[in-house]
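Q: Mind having a look at this structure? Questions to follow.
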Amino acid sequence: MSLTATEPLTLTPNTDSAPLLNALAQSIAASHPPETWLWINFHRPDGGVNVRYAWTAGGHELGDRIDLLAVATPLDSADWLHIISEHAQTSTRGRIEIQAHPLRPILADVQASVRCPDDRRNALLRAIACAAEHTGQTPRPGTPRWVGVGPTLLARRTP
């Protein structure tokens, strides 16, 4: 359908914010250097958060490569949390929080088999146990898997 100058434009309400958030995420990614993974939190007025991931040029491939190496090492979620937090660069744009993770330093840490310090690992396990207690669940033994920095692993659902 094409509009002509004589046809009135009708706007209808739409509650689907996904196209707008995806466009904003891509716009934010365009302002970051290559081989960067972005974790973008869109804070809503109701207190909730919409999360989007974005990768800059070369980031998809490098992120997936890092994940394959991390899983083969094997690194776990505590190591993931430790490594990505060491390299995170956080900024805000209004209610948008942007965590930029340059992937080359993350790759170097994964290749060096950098592990999470024991005190931090134990704190994560205590937080998981507390969450399980509050929800009436039984936590699985050990530390959860490496979460991921590439699109393939981040898109995977845990049963």
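The values are calculated or read from the model by the stated rules, or taken from the named source; none is laboratory data. In this text the structure is predicted, and so the values were computed from the model without any measurement. Neighbour counts run over all protein chains shown; Cβ positions are idealised from the backbone, glycine included. When the accessible area is computed, the model is the full protein with side chains, heavy atoms only, and any ligands, DNA or RNA have been set aside. Shrake-Rupley method; radii C 1.70, N 1.55, O 1.52, S 1.80 Å.
Q: So which residues in the range 25-58 are open to solvent by less than 80 Å² (accessible area, probe 1.4 Å) and either modelled with pLDDT under 90 or more than 27 Å from residue 103 (Cβ to Cβ) (or both), if there are any at all?
A: 47, 48
Q: If I filter the range 121-135 for residues that are under 28 Å from residue 24 (Cα atoms), open to solvent by 40 Å² or more (accessible area, probe 1.4 Å) and of a type outside the set (Ser, Thr, Tyr), do I get at least one hit?
A: Checked against the condition, which is being under 28 Å from residue 24 (Cα atoms), open to solvent by 40 Å² or more (accessible area, probe 1.4 Å) and of a type outside the set (Ser, Thr, Tyr), the range 121-135 yields no hits at all.
Q: What pairs come up if the first residue lies in the range 14-32 and is farther than 15 Å from residue 92 by Cα, the second is part of a helix (DSSP H, G or I) and of a type outside the set (Ser, Thr, Tyr), and their beta carbons are under 9 Å apart, counting only those six or more places apart or on different chains?
A: As it stands, the answer is none, since no pair meets every condition given.
Q: A follow-up question, please. Among the residues of the range 11-43, how many are outside any loop (DSSP other than H, G, I, E, B) and of a type outside the set (A, V, I, L, M, F, W, C)? Quick ask: steps written out before the conclusion?
A: Restricting attention to the range 11-43, the residues satisfying the condition of being outside any loop (DSSP other than H, G, I, E, B) are 18-29, 36-43.
The next check asks that each one be of a type outside the set (A, V, I, L, M, F, W, C); those that pass are 19, 22, 26-27, 36, 41, 43.
Residues in the range 11-43 being outside any loop (DSSP other than H, G, I, E, B) and of a type outside the set (A, V, I, L, M, F, W, C): 7 in total.
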